[in-house]
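Take a look at the structure below.
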Amino acid sequence: GQQVRLLCDGSGWLVTDDDRPPYETWAVAMSGEATIISTGTAKTTLRFPYGFEMVESPIASVTSASTSGVVTVDINDDGTSIFSGNKLTIDANEKDSTSAAAVATISVPTRIALGSIVTFDIDTAGTNAKGLKVYMLGRRTP
C-alpha cells in the first residue's frame, strides 16, 4: 500500500518515497591505481551537469596506503574550499578517511550549482600512496 515515485536516470529506474531525488554517489579518481600520488592543485576537474546537494562530508580512499605522512585532499567549488574545518585526510598506514584523526567537516548541506567547476587538490601526498579516489554523497537539486 505504499506509494513510491519512479525516476529514470537514463540508465535505469530509481525508486524514492518522496518528491526529492534519491541519494547518489560521485566517485572521482585522482590517480591511477599503480601511480604514486603527488601534490598539486586541480589534479581532477569536473563541471557539474546539474545542481548537487552534499548531505555529508566526502570520504577518500587509496589502493596502497601512505607508509609515512598524511594524504590531504581539498575540494573547491568555483575556487572556494567546500570544507568549513578540517580537509579530507587519510592517515599513514590507513586506506580510507573514515577513521582519520582529523575528521573532515563541511557545512551540511553543501550545494554545488549547475555548471560549477569543482577541482580536487592534493595538498599533502604522504609517502608511496597510490590509487586515490574521492566519494561525494548527495542528491540532485533543481
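Quick notes on this one:
- Nonlocal amide H pairs with F83, under 5 Å, H built at 1.01 Å: I75
- Solvent-accessible surface of the chain, averaged per residue with a 1.4 angstrom probe and all protein chains in place: 53 square angstrom.
- From the coordinates shown, volume of the Cα convex hull per residue in Å³ corresponds to which of [x] 124; [y] 142; [z] 133: [x]
- Sequentially through the range 31-42, phi angles give Karplus couplings (6.51, -1.76, 1.60; θ = phi - 60°) of 6, x, 4, 9, 9, 5, 6, 9, 5, x, 8, 6 Hz, Gly and Pro residues having no value and appearing as x.
- From phi via Karplus (6.51, -1.76, 1.60), per-residue ³J(HN,Hα) for the range 75-81 in Hz, x at Gly/Pro: 10, 10, 9, 6, x, 10, 4
- Eligible lysines near K43 by straight Cα distance, threshold 19 Å, same-chain separation 8 or greater: K87, K130, K133
- Taking θ as phi - 60° and the Karplus parameters 6.51, -1.76 and 1.60, the scalar couplings of the range 59-71 work out to 10, 10, 9, 10, 6, 10, 5, 5, 7, 7, x, 8, 8 Hz in sequence order, x denoting glycine and proline.
- Distance histogram in 10 Å bins (all Cα pairs of the range 62-129, percent per bin): 22, 46, 26, 6
- With every protein chain in place, the chain: carbon and sulfur % of accessible area (1.4 Å): 52
- Summary of packing: across the peptides 127-133, 107-113, the per-residue average of other C-beta atoms within 10 Å ranks them, highest first, as 127-133, 107-113.
- Residue order for Y23, Y50 - accessible surface, 1.4 angstrom probe, largest first: Y23, Y50
The values are calculated or read from the model by the stated rules, or taken from the named source; none is laboratory data. Worth saying up front: this structure is predicted, and the values here are computed from it rather than measured. Cβ: placed from backbone, ideal geometry, glycine included. Neighbour counts: every protein chain shown. With ligands, DNA and RNA removed, areas are computed over all heavy atoms of the protein, side chains included. Shrake-Rupley method; radii C 1.70, N 1.55, O 1.52, S 1.80 Å.
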